[in-house]
Amino acid sequence: MEQQHKRRVRYKGTHPKNYHEKYKELQPEKYQDTVEKVISKGSTPAGMHLSICVKEVLDFLQIQPGQQGLDATLGYGGHTAKMLECLQGKGHICALDVDPIEMEKTKNRLEKMGFGAEILTIMQENFANIDLVAKEHGKFDFVLADLGVSSMQIDNPERGFSYKAEGPLDLRLNPEQGISAAERLKELTEEELEGMLIENADEPYAAEIAKAVISCRRKGKEIETTTQLKEVIEEALVFLPMNQYKELVKKSCARTFQALRIDVNSEYEVLEAFLGKLPEVLAPGGRAAILTFHSGEDRLVKKSFKQLRKAGAYSEISNEVIRPSKEECRRNSRAHSTKMRWAIKA
C-alpha cells in the first residue's frame, strides 16, 4: 500500500501562538530570516535559547588554547560553542546537564558545528557533583555556570515551566527523576507552601496563594495543569485594585512558578553543593563565572564567594555584579534580571 503523503502543518495566520505550529522558528538552520526577525523584535524564537552575557563571560575567563574547562550548565550550548572557539582546537571542555531531552539535541547541534568528542565531553550529570567530574577529568582552568532555565524548557508547554501556556504542572529539569510540581502541591501544608513562596521567590501574596491552593485541595479540586494553578492564583488575588490586577497577577504567577521550580529541582541545595566544591575543582589561578537570574541565587553566590575568599580559597572575587548591556536587554528581554559574579582560585 502506497504511503499517503502528509502535508506539513503550516502557520495559522501570520503570528501563530501554539508552540508546535512555529515550525520556522523550530528549524533555525532552515529559516534563519524568520529567526532573525523574531530576535530583532526582542523575543526568543521557539525551541531556541539566546545565551546571555557571552562577551562579559569570555572577557573574564580569558580562555587560552590548550586549557581545560567546565560548562556546568550546558543548556542550548551557546556559551559552550563560544568557549570552544577560544580553544582553537587545543584543550578540552566538559559540559554537564540534567535534562536528557535537551542535552541530546545540543550534543547533535554542537557536533554539526565541528565540536566532537576530541574537544568536548557532554555528560548527564548534576553540577552538584563537579568533584566527581574533576576526579575523572582533572582540574579546570575555567568554569562557567549559567543558572537560568533555558528558553527551550520555558517555551515548551509539555514541560510545564510557564503559566502562559496550558500544559502539565511538571517543572522538573529532568522529567525522569523526582516528583512533579503537581505532586508536590499535594503534600505541602499551607504553612510550608507559604514559606516556600517567600523563600524561593519573595512573593508578597504568599499567604493568600497558599490558602487558596490548600482550599482547592480540601474541596477535592485537582491542580494538575499550569492553567489550573494560574486560575487559583487569579482567584486568590481578586482583592487587588482593578487597575493593577492584571499586572500584579502576572508577576505573582511568574514568582509562584519560580518558587515551585526551585523546590522540585532542589535548586538551592544543588547550588550550595556546587559553590562549596568549586574551589576544589579549579586549578591554581583558575577562573569561575556564575550567571544568576533572581535575588535568592545571587545572595548564595555572593555569600559563598566572600566566605571562601576570607578562607583563602580565592585570591580575588567580583565586588560588584556585572550586568548585560542595554543593547542585549533590548534584543533579549530575558536578559534583564541577569547578574554575573566571578572568582579566581588562589
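The values are calculated or read from the model by the stated rules, or taken from the named source; none is laboratory data. Predicted, not measured: the structure shown is a model, and the values here were computed from it. Every residue, glycine among them, receives a Cβ derived from its backbone with ideal geometry; neighbour counts consider all protein chains shown. When the accessible area is computed, the model is the full protein with side chains, heavy atoms only, and any ligands, DNA or RNA have been set aside. Shrake-Rupley method; radii C 1.70, N 1.55, O 1.52, S 1.80 Å.
Brief remarks follow.
- Point-charge dipole on Cβ atoms (K/R +1, D/E -1) for region 170-221, about Cα centre, debye to 20: 420 debye
- Of the DSSP H helices in the chain, those whose Cα atoms cover at least 27 Å axially and whose Kyte score averages 0.5 or more: none
- Region 68-148 pair-distance distribution - Cα-Cα, 10 Å bins, rounded %: 19, 59, 22
- Contact order, relative form, for region 192-319: 24 percent (alpha carbon pairs under 8 Å, 6 or more residues apart, mean separation divided by residue count).
- Hull-based mean projected area of region 195-346, where the convex hull spans the alpha carbons, in square nanometres: 11.5 nm²
- Among beta bridges from DSSP that stay inside the chain, the antiparallel ones total about 40%.
- Accessible carbon and sulfur surface of the chain relative to its total accessible area, %, 1.4 Å: 49 percent
- The magnitude of the dipole of the chain, with charges of +1 and -1 set on the Cβ of Lys/Arg and Asp/Glu and taken from the Cα centre, is near 1060 debye.
- Accessible surface comparison of MET123, MET113, MET83, probe 1.4 Å, protein chains only, largest first: the order is MET113, MET123, MET83.
- Remark on the chain: hydrodynamic radius 21.6 angstrom, per the Kirkwood mean of 1/r across alpha carbon pairs.
- Heavy-atom accessible area per residue - region 189-314, 1.4 Å, Å²: 49 Å²
- The residue among ASN174, THR226, MET242 whose Cα reaches farthest toward the positive pole of the charge dipole of region 145-266, with charges on the beta-carbon of Lys, Arg, Asp and Glu, is MET242.
- Rounded to the nearest angstrom and listed largest first, the equivalent-ellipsoid semi-axes of region 236-314 from its Cα gyration tensor are 37, 13, 9.
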